[in-house]
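Just so you know, all these numbers are worked out from the coordinates, no wet-lab data involved. All values derive from a computational prediction rather than experimental measurement. All Cβ positions, even for glycine, are placed from backbone atoms using ideal geometry, and neighbour counts span all protein chains on display.
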Amino acid sequence: MMWRVAKSLTFIVVAFWPLCSMFISLSSLSGNNLPIPQSSHSTVPTLNLAQALKLWEKGKFQDSLNLLTQIENPKAEVRFYRRYFEQFLQPKPSTIASPVSFAFDSKQCAQQILFVTGSVYSLAQAEVFKSKFVNDQRLKSLSICIQPTIWFDPEKVRCKENLSQNGRLACNMPQLAKSLKMQSFTHLVIFADKGKANVHNGIMFLDKQDTYDVFVHELAHFSGFVDEYPLRGELANQICNGVNAPNVVFRKVRGNNVDKDWQRSTELGQNIHFSKARTCDNHAVQAYKMDKNMTFMEYHDVGYIPKLYLLAWQQQLRKQQNSPSAHVNFAQYYESQNNQQESQYWRTKYQAYLKM
């Protein structure tokens, strides 16, 4: 199990907008930037939407939906939120049987990702990331698919910055497992309010300040890619003393056969020239990467993904055992609670995933 945190090349100052006077625009989901908050003084519907989101955040769900329903000629933003609010509030025969899942072709979708959030202010962020992923030409060759509907549950998806006493985002595992038990997914991306982006087995955690580039960086961790910035402490020991990653080779001493040794174990060709990576700068081992340029695994906002990285990524996706699914997270939790019945349920899900 490994926790990984994305690094950023630029220093970004993020202002917190008053929730009652701003809202997130969804009118240009295919653009290159995150949604731009619009002033509440422009139109009455804008003000009503801001009020509705604030009511929802306070737990006044029906009042919030009623306010959205009263808006005449609703724009895309209003229709977006109203759809998810109606879906959440509609009567259900079971809290775990909501028809959110879409059946993917497992051959085309080695990783079937479900976006999850309990925060009304993360809904738009998740929708934008989903749209950008679909239109990201860099990633077209990868057999990764995202569920078309976001799992939105403000009552059962409870995540905190320091829930596990390690400063990283984590969620209430039993509530989450129960909510998602009947859903179709292999991996989860959970959007929360505040905390450090990280990947733990088959679950990714992001907060509302993370960009789409952070998401892509963390997505590579799902397939075993390691960070190319200097790691520290126990994480450095774990990574640098471990096995080779799809993007990085580890050697104790520089050898003439470093390229050939690694190439024999892959199908990426015989013309790979390695350059020093900074991954193990705080360790005795030297790390080497397949490209001399700075990549998205060193600084996520560089955005450069070498062709060889994409080939290695898809190769990893064909080997499910190299990419633990989210079912492992739930199985491990229930094992720690000595709940063998639930643990076995999720282990069975994981075994089915390995056979995809």
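The slack between Arg158 and Lys307, meaning 0.36 nm per residue of separation minus the straight C-alpha distance, is 49.8 nm. Ordering His217, His273 from the fewest to the most neighbouring beta carbons within 10 Å gives His273, His217. Model label points for Glu57 and Gln238, set 7 angstrom from Cα along the Cα-to-Cβ axis, are 3.4 nm apart.
Note on Lys252/Gln108: beta-carbon distance plugged into 1/(1 + (r/R0)^6) with R0 of 51 Å gives a FRET efficiency of 0.80. Each label was represented as a point 7 Å from its Cα along the Cα-to-Cβ direction; for Glu335 and Lys194 these points are 3.4 nm apart. In plain terms, the residue of Lys132, Lys355, Lys181 with the fewest other Cβ atoms within 10 Å comes first and the most crowded comes last, giving Lys355, Lys181, Lys132.
Using R0 = 35 Å, the C-beta based FRET efficiency linking Ala284 and Ser141 works out to 0.45. In this label model, His273 and Phe88 are separated by 5.4 nm, measuring between points 7 Å along each Cα→Cβ vector.
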